[in-house]
Amino acid sequence: MQSTSSLAPVPHTLFKTDALPASDRFDAWREGVSPLFDAVPETERDVHAFEARVESFNLNNMFFGKSEFSAHRFRRDAGHASAESDHFLVQLYTKGGYEGYNGFHQLQVGPGDISLLDLGQPLATRARASQNLSLVIPRELLLSLVPPHKLACGSVLKGQSPLGRILGSHLLNVWQNVRSASMEELEAINPMLLGAIVGAFAAGVSERNAHGVTLDSAKLETIQRYIQANLSSELTPDQLCQHFNCSRARLYRLFAPLGGVANYIRQCRLVRCRDELSRPGGKAKVLDIALRWGFSSHSHFCRLFKQAFGLSPSDVISQAQDASGSGRLPTGSPASSSTPEFHHWLRQLS
């Protein structure tokens, strides 16, 4: 019988931004996580002060990683979701946390809490400086074990709850021991890990959703749908308050996890601009597209666009032209030789 030490170990990699020039750190992080999210800095100053570290294991058909990062935003819009993988993401935050939404579920996560995110749905979160464990599970793999209507996607297990404590301990225990495991042992470890996820997030779905889908969530969803349908029109807080018979204080509170109502509208319009610029064979000028979606200054628009997507409008147009002959849509910066290895592992999941 072979000893564990003689068997092939689980593939492991470590990425640290402190090995890079300060000006390159956020871009390297953004590229690394791009199969899952668009990473967006809060301000230009945050880009130069950004730090991150990712230690990860390739579990053959899943990805398991421990991340530490400075405060910033994560976003995944409908275009990203259709062009990239639509996996499930389980995250245990051991430090820091985030607030935001997944689909139309509002989320608030703190230390010890565990969230189940559906990357087939739009997502926007504002994360504090944090540390977490992340398990990325291909959609077909998880849904082969539990019907989708029984899975509490966009929900949070609180760290002080019995289910939260049990699942949290299990995830930490697997993390502490996977580095000494072999590829052969993954055949037993992976089903145990998936079983714990299914048991925690398929149990008591209706009870958790009853607490999660509040009147505020319903109001937020209604306003978001209205904004999405009227992005080419004038949208102001006063107009929204009047239309929805909502006080300014409540409107601001509803959109606080999304960076504010003005920021939400601006980001939605930037996504529409990116979609138009990404069309192969498109003839419209950058300024015309910017004006159509409510941006009056070309330079201001280009600065906001680069901050949101890590690419200039002209970069997106060039990618669309390059992709037009291959039948694929541009999805972000091309992978380079310096791309973190965990980025490739995430892209290889199916």
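Looking only at region 10-48, residues that are of a type in the set (A, V, I, L, M, F, W, C) and over 26 Å from Asp77 (Cβ atoms) come to 5 in all.
Of the helices (runs of 4 or more DSSP H) lying entirely inside region 259-316, not one is found with 1 or more residues being touching a Phe, Trp or Tyr at 6+ places or on another chain (Cβ under 6 Å) and either assigned by TED's automatic domain parsing to the domain that holds Ala124 or of a type in the set (S, T, N, Q) (or both). Identify the residue in region 174-210 that is of a type outside the set (A, V, I, L, M, F, W, C) and exposed (fewer than 11 other Cβ atoms within 10 Å of the Cβ) and, among all such residues, is modelled with the highest pLDDT. Only one residue tops the list, namely Gln176. If the condition is being closer than 22 Å to Gly260 by Cα and of a type outside the set (A, V, I, L, M), then region 116-132 contributes Gln121, Pro122, Thr125, Arg126, Arg128, Ser130.
Total residues in region 159-171 satisfying the condition of being part of a helix (DSSP H, G or I) and within 24 Å of Ala124 (Cα to Cα): the figure is 2. Scanning region 222-261 for residues that are touching a Pro at 6+ places or on another chain (Cβ under 7 Å) and among the small types (Gly, Ala, Ser) yields nothing.
Within region 250-261, residues that are of a type outside the set (Asp, Glu) have Cβ atoms under 7 Å from residues that are loosely packed, with under 14 Cβ neighbours inside 10 Å in these pairs: Leu254/Asp216, counting only partners at least 6 apart in sequence or on another chain.
Here is a yes/no grid of residues against (1) closer than 21 Å to Leu123 by Cα; (2) at pLDDT below 90; (3) charged (D, E, K, R):
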| site | (1), (2), (3) |
| --- | --- |
| Pro237 | no, no, no |
| Leu258 | yes, yes, no |
| Ala284 | no, yes, no |
| Asp315 | no, yes, yes |
| Gly332 | yes, yes, no |
| Leu349 | yes, yes, no |
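The values are calculated or read from the model by the stated rules, or taken from the named source; none is laboratory data. All of these numbers come straight from a predicted model, not from anything done at the bench. Glycine also receives a Cβ, built like all others from the backbone with ideal geometry; neighbour counts cover every protein chain displayed.
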